[in-house]
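Written below as structure tokens is the structure these notes are about.
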Amino acid sequence: MFLKMGSKKPYIVAIFIQITFAGMSLMSKAAFATGMNTYIFLFYRQAAGSVILVPLTLLLKGKEKRPLSLKQLCQIFAISLIGITLAMNAYGVAVDYTSATLGAAAFNCLPVTTFFFAILLRMEKVEIKKAAGIAKVAGMMICMGGAAIIAFYKGPYLKPIISHPLFHLEDSKSDILSTSQRTWMLGCFFLLVATVTWGIWFVLQARFLKGYPHPVEFMCAQTVMSAAQCFVVAIIMERDPSQWKLGWNVRLYAVLYCGVMVIGIANNAQCWVIKEKGPVFQASMMPLNLVATIIGSQLFLAEGIYLGSVIGAILLVTSLYSVLWGKSKELAVAPTNQDQPPPQQKETEVLTNRTEVNSTLV
């Protein structure tokens, strides 16, 4: 289907992807506002994603055999534990304690945090004497500054423009005002844990895919394993059987949305966009996620926002573009007269692609 799209289609698909990811934050917040347990929600979400991905992977794979060794299965188990089970549980608690808008703002940190860990593992180089290197370092500093402002400075509360949302969830209207400073900071801490573990996750995925270049099967295995891991976590954290019930309400809608729209459709569409236009193009669209979430919070949840979150979000977007500008400058001056790029550049390109895919994440 995607192969028949014209030159304008990548832009439309990229916008659709970011709106879909914004919907994940909104639907998650709406489900949590009804009292749904965050750990149970994540298990149901991953289980729904597994139902979609397993038959899709078998269909795409066909009769071709791509066996995984015991060592590779153990590696996938550890990677999914870090990047999905730990990260998404932390993200769910963070959104529950703060706001959907703040959760969406965290996505703008992902290229920056991944870049930081890539430097530590020497998968990325920074030349601070050049403009591109200065832009990268400045982007990381601005990102940390924006995160600090969001965590420690609330500022005045900006009321929502629309007072009659489509989802009449009373808890969502008063939750952000009743949130204490301690709870807010705890939510920001969990958001930091999520972004850090996601950064580590992307680096680990890049290394794994160097030896097993089959991302569809890899992501399917991660989703299935994370569903089992999240089930264990949910059983430990929540023993009340009534919390596991799903009716025809926002809880079920949120689970189906995340499983089908995010894991099943948006992630695969994002891979296509990266293939067609490159990772920098996809990353440049990420701030639309934040804009769409802010608009959606007004329309669906009547959820306001603190001034500190607005300032912090602006800094996060600025940091994203600073890092992307530095990266694009480096690629622009890279030697083009060689048949094959150097190993360092090839490794960096793999890492960047995994950074932008955000698979099963969102």
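The values are calculated or read from the model by the stated rules, or taken from the named source; none is laboratory data. Every value quoted in this text rests on a predicted model; they were computed, and no experiment measured them. All Cβ positions, even for glycine, are placed from backbone atoms using ideal geometry, and neighbour counts span all protein chains on display. These area figures cover heavy atoms from the full protein model, side chains too; ligands, DNA and RNA do not enter into them. Shrake-Rupley method; radii C 1.70, N 1.55, O 1.52, S 1.80 Å.
So, of the residues in segment 144-183 that are modelled with pLDDT of 75 or more and more than 15 Å from Ala313 (Cβ to Cβ), which turns out to be least open to solvent (accessible area, probe 1.4 Å)? Filtering segment 144-183 for residues that are modelled with pLDDT of 75 or more and more than 15 Å from Ala313 (Cβ to Cβ), the one least open to solvent (accessible area, probe 1.4 Å) comes out as Thr183. Taking the listed residues Phe231, Phe218, Phe208, the one that is touching a helix residue (DSSP H, G or I) at 6+ places or on another chain (Cβ under 9 Å) and open to solvent by 50 Å² or more (accessible area, probe 1.4 Å) is Phe231, with no other qualifying. Just give me the residues in segment 47-86 being farther than 13 Å from Tyr212 by Cβ, hydroxyl-bearing (Ser, Thr, Tyr) and modelled with pLDDT under 90, in sequence order. Within segment 47-86, Thr57 is the sole residue that qualifies.
Would you mind stating whether Phe190 is in contact with a helix residue (DSSP H, G or I) (Cβ under 9 Å, 6 or more places away or on another chain), modelled with pLDDT of 75 or more, surrounded by 14 or more Cβ atoms within 10 Å (Cβ to Cβ) and closer than 22 Å to Thr293 by Cα? Answer is yes for this residue.
Here is a check on your reading of the model: is Lys71 charged (D, E, K, R), open to solvent by 80 Å² or more (accessible area, probe 1.4 Å) and over 22 Å from the mean Cα position of the chain (by Cα)? Answer is yes for this residue. Across segment 49-68, the qualifying residues are those that are touching a Cys at 6+ places or on another chain (Cβ under 7 Å) and open to solvent by less than 40 Å² (accessible area, probe 1.4 Å), and the one among them that is farthest from Ala266 (Cα to Cα) is Thr57. Going by the structure shown, is Phe32 aromatic (Phe, Trp, Tyr), touching a residue at least 24 places away in the same chain (Cβ under 8 Å) and open to solvent by 50 Å² or more (accessible area, probe 1.4 Å)? So Phe32 fails the test.
Counting residues in segment 339-355 that are under 20 Å from Cys143 (Cα atoms), among the hydroxyl-bearing types (Ser, Thr, Tyr) and at pLDDT 55 or above gives zero. Within segment 45-62, residues that are within 22 Å of Tyr253 (Cα to Cα) reach partners that are outside any helix (DSSP H, G or I) with beta carbons closer than 8 Å, at six or more positions or on different chains, in the pairs Gln46/Thr360; Gly49/Thr360.
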